[in-house]
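Participant: First the structure, which I've put down as structure tokens, then a few questions once you've had a look.
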Amino acid sequence: MVLAGCGGRHNWLAAAGEEARAVETLFWIVLVGAGVIWALVVGLAVYAHRAEAKPHREREARRFILWGGVALPVLVVGGLLIWGLLILRDITADDGALTVRVDGERWWWRVIYDTPEGPVTTANEIRLPLGERALFRLTADDVIHSFWVPALGGKMDMIPGRETTLALTPRRLGNWGGLCAEFCGGAHALMRFDAIVMEPDDFAAWLAQEAQPARVAMDDPGFAIFAEEGCGACHAIRGTEAQGPVGPDLTHLASRDKLGAGIYDMTPENIARWITETDAMKPDIDMPSYPGLRGARLDTLVSFLMSLE
Amino acid sequence: MAPRRKIVPPGDAPRVIDQGSVWILVAAPSIWAAHFLISYWVAAIWCAKLGRGTSLAEPRWIIAGLGALCIGAIIGLAVLAVRRYGGVFVIFEEITESSERGRDRFVGHVALLLCVLSAAAILFTVIPGMVLGQC
Ligand SMILES: [Cu+2]
């Protein structure tokens, strides 16, 4: 199949969301329409080449040029413009059963669910209830990013100093891929996230769990290392004194599917490497590596992080 | 001695956008550019002052009204291009005649096509304002 390369979780033809379907319908119509116009033009060219040269009547020729060359293109392009604008108006309209604020940072995603009980902060993973319209309020912290879950819909730019909106209404369960679609510097290609569509009940349970602070014992040796190494200056673990706003919230790190903004599996080995060889795992990022952390100390820190569910 | 060939049309010195002047060529695209710029300014200032999600109700009517005015002016130019320059929309024989008359007809023809293009462009500037309706 021609589109084989587009298969999988980033497939924008997967029809996994209402908004992606709206764009897809328009896409097929434009594709078929363009095919018809192409065939007509080429057909005419062949005809003109083959046919015996004989003059057409001026009136007919003029009419043909006026309708075919002016009226038709203006109407078709105008119609498509209006159609596209109507889609845009719908997918940016300011309502949704659920509001999610996403802030693009180099090179990860700060995610805040607005719930009646207050904001719930997480990062690098977005979960959505099936069939409900979620409104994303998008901002950027440093440079322009672009928020895109091809299978569900979008995309929409995230612009510093401005808020843009985008709705996603998932229609298929699954783990869909999301990414930054606007070059934003060194690790741009590694700025990804999972968009996981769940049954509404499962989603509610997940969100309630995500709203909880971390269960960390006061004398947890892993947390002691976390604090000593200064990780808390950049990372927050709710329920502890670690409240750093610079990097991703780690309160429920281990319940995420992926590490490092959608690029590695969440395994102890990967976390250990993430801490000791940060630059090899994801070049250019704003987290220093800790090559000196080794042995039991590293193990304790990693198992502490893996316990943050 | 043979009389010198006249370069200016008879009568007064040539007026801007009148027979013999090429200004008619740039007039229609300039109107379009001005409309685009003013629309942009109006919407940008409006939205900057009143914030996201504000209705575009008033500025969209300014943009549409201005659009109608501009298209009116362009129709006027098109009439000039036909009447004064003898421009036609579709030409059947090449205009190769090297004379005032030939040049005028060529300018008229091009000006007429540019009028159509500019009017369509103005229409396409107005449409998003009408459809989107909010900042
Ligand atoms: Cu990017």
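Participant: Working carefully through the options B:GLY102, B:GLY67, find the one that is open to solvent by less than 60 Å² (accessible area, probe 1.4 Å) and away from every other protein chain (no Cβ under 14 Å). Even if it seems obvious, please write down each step before you answer.
Facilitator: Details: B:GLY67 fails: away from every other protein chain (no Cβ under 14 Å).
One residue alone meets the criteria, B:GLY102.
Participant: Taking segment A:90-110, which residues are away from the ligand (no atom under 16 Å from the Cβ) and part of a strand (DSSP E or B)? Step through it out loud before you land on a result.
Facilitator: Applying the first criterion (away from the ligand (no atom under 16 Å from the Cβ)) to segment A:90-110 yields A:90-101.
Within segment A:90-110, A:LEU98, A:THR99, A:VAL100, A:ARG101 meet the criteria.
Participant: Can you tell me how many residues in segment A:266-309 are part of a helix (DSSP H, G or I), open to solvent by less than 70 Å² (accessible area, probe 1.4 Å) and among the hydrophobic types (A, V, I, L, M, F, W, C)?
Facilitator: Residues in segment A:266-309 being part of a helix (DSSP H, G or I), open to solvent by less than 70 Å² (accessible area, probe 1.4 Å) and among the hydrophobic types (A, V, I, L, M, F, W, C): 12 in total.
Participant: A follow-up question, please. Confirm whether A:PHE203 is outside the structural domain of A:TYR290 (by TED's automatic domain parsing) and either open to solvent by 30 Å² or more (accessible area, probe 1.4 Å) or within 16 Å of the ligand (Cβ to nearest atom) (or both). Please lay out each step first, then the result.
Facilitator: Values: outside the structural domain of A:TYR290 (by TED's automatic domain parsing): yes; either open to solvent by 30 Å² or more (accessible area, probe 1.4 Å) or within 16 Å of the ligand (Cβ to nearest atom) (or both): no.
It is false that A:PHE203 is outside the structural domain of A:TYR290 (by TED's automatic domain parsing) and either open to solvent by 30 Å² or more (accessible area, probe 1.4 Å) or within 16 Å of the ligand (Cβ to nearest atom) (or both).
Participant: For segment A:115-189, which strands (runs of 3 or more DSSP E) that fit wholly inside it have 3 or more residues that are within 14 Å of the ligand (Cβ to nearest atom) and open to solvent by 10 Å² or more (accessible area, probe 1.4 Å)?
Facilitator: Fully inside segment A:115-189 and qualifying: A:153-158.
Participant: Right, next: Taking A:ARG57 as the residue in question, decide whether it is within 11 Å of another protein chain (Cβ to nearest Cβ), away from the ligand (no atom under 16 Å from the Cβ) and open to solvent by 70 Å² or more (accessible area, probe 1.4 Å).
Facilitator: Values: within 11 Å of another protein chain (Cβ to nearest Cβ): yes; away from the ligand (no atom under 16 Å from the Cβ): yes; open to solvent by 70 Å² or more (accessible area, probe 1.4 Å): yes.
In short, yes.
Participant: Related question: When the residues of segment B:105-135 are filtered to those that are facing chain A (nearest Cβ under 8 Å) and more than 13 Å from the chain's Cα centre (by Cα), which remaining residue is surrounded by the most Cβ atoms within 10 Å (Cβ to Cβ)? Walk me through how you get there before you give the answer.
Facilitator: Residues of segment B:105-135 that are facing chain A (nearest Cβ under 8 Å), as a first pass: B:116, B:120, B:123-124, B:127-128, B:131-133.
Remaining after also requiring more than 13 Å from the chain's Cα centre (by Cα): B:124, B:127-128, B:131-133.
Numbers: B:PHE124: 15, B:ILE127: 16, B:PRO128: 20, B:VAL131: 16, B:LEU132: 16, B:GLY133: 13.
In this case the residue turns out to be B:PRO128.
Participant: Right, something else. List pairs: first in segment A:167-186 and within 13 Å of A:GLY17 (Cα to Cα) and among the polar types (S, T, N, Q), second assigned to a loop (DSSP other than H, G, I, E, B) and more than 7 Å from the ligand (Cβ to nearest atom), Cβ under 6 Å, 6+ apart or cross-chain?
Facilitator: Close Cβ pairs satisfying both conditions: A:THR169/A:ARG133.
Participant: Further question on the same structure: Checking B:TYR85 against (1) in contact (Cβ under 8 Å) with a residue 40 or more places away in the chain; (2) within 14 Å of chain A (Cβ to nearest Cβ), which single condition isn't satisfied?
Facilitator: Looking at each condition in turn, B:TYR85 falls short on (2).
Each row is one residue, and each column tells you yes or no for (1) closer than 27 Å to A:VAL77 by Cα; (2) in contact with a helix residue (DSSP H, G or I) (Cβ under 7 Å, 6 or more places away or on another chain).
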residue	(1), (2)
B:ALA73	yes, yes
B:ILE95	no, yes
B:ARG105	no, no
B:CYS115	yes, yes
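Participant: Let me ask another. With the requirement that a residue be surrounded by 15 or more Cβ atoms within 10 Å (Cβ to Cβ) and in a helix (DSSP H, G or I), what does segment B:39-57 give you?
Facilitator: Across segment B:39-57, the qualifying residues are B:SER39, B:VAL42, B:ALA43, B:TRP46, B:CYS47.
Participant: Would you point out which residue out of A:THR92, A:THR115 is of a type outside the set (A, V, I, L, M), at pLDDT below 95 and under 24 Å from A:ALA261 (Cβ atoms)? Quick ask: steps written out before the conclusion?
Facilitator: Values: A:THR92 fails: under 24 Å from A:ALA261 (Cβ atoms).
Going through A:THR92, A:THR115 in turn, the sole match is A:THR115.
Participant: Quick one: is A:GLY68 away from chain B (no Cβ under 11 Å) and outside any helix (DSSP H, G or I)? Before you say what the answer is, go through the steps one by one.
Facilitator: Numbers: away from chain B (no Cβ under 11 Å): yes; outside any helix (DSSP H, G or I): no.
Against the criterion (away from chain B (no Cβ under 11 Å) and outside any helix (DSSP H, G or I)), A:GLY68 does not qualify.
Participant: Please work out which one of (1) surrounded by 16 or more Cβ atoms within 10 Å (Cβ to Cβ); (2) in a helix (DSSP H, G or I); (3) at pLDDT 95 or above; (4) not small (Gly, Ala, Ser) is the condition A:TRP83 fails and give its number.
Facilitator: All conditions pass for A:TRP83, except number (3).
Participant: Need pairs with beta-carbon distance below 7 Å; first residue closer than 13 Å to A:ARG297 by Cβ and within segment A:219-232, second assigned to a helix (DSSP H, G or I) and open to solvent by 50 Å² or more (accessible area, probe 1.4 Å); sequence gap 6+ or separate chains.
Facilitator: These pairs meet every condition: A:GLY222/A:SER303; A:ILE225/A:ARG297.
The values are calculated or read from the model by the stated rules, or taken from the named source; none is laboratory data. All values reported here derive from a predicted model rather than from experimental measurement. Ideal geometry is used to build each Cβ from the backbone, glycine not excepted, and the neighbour counts take in all protein chains shown. All accessible areas refer to the heavy atoms of the entire protein, side chains included, with ligands and DNA or RNA removed. Shrake-Rupley method; radii C 1.70, N 1.55, O 1.52, S 1.80 Å.
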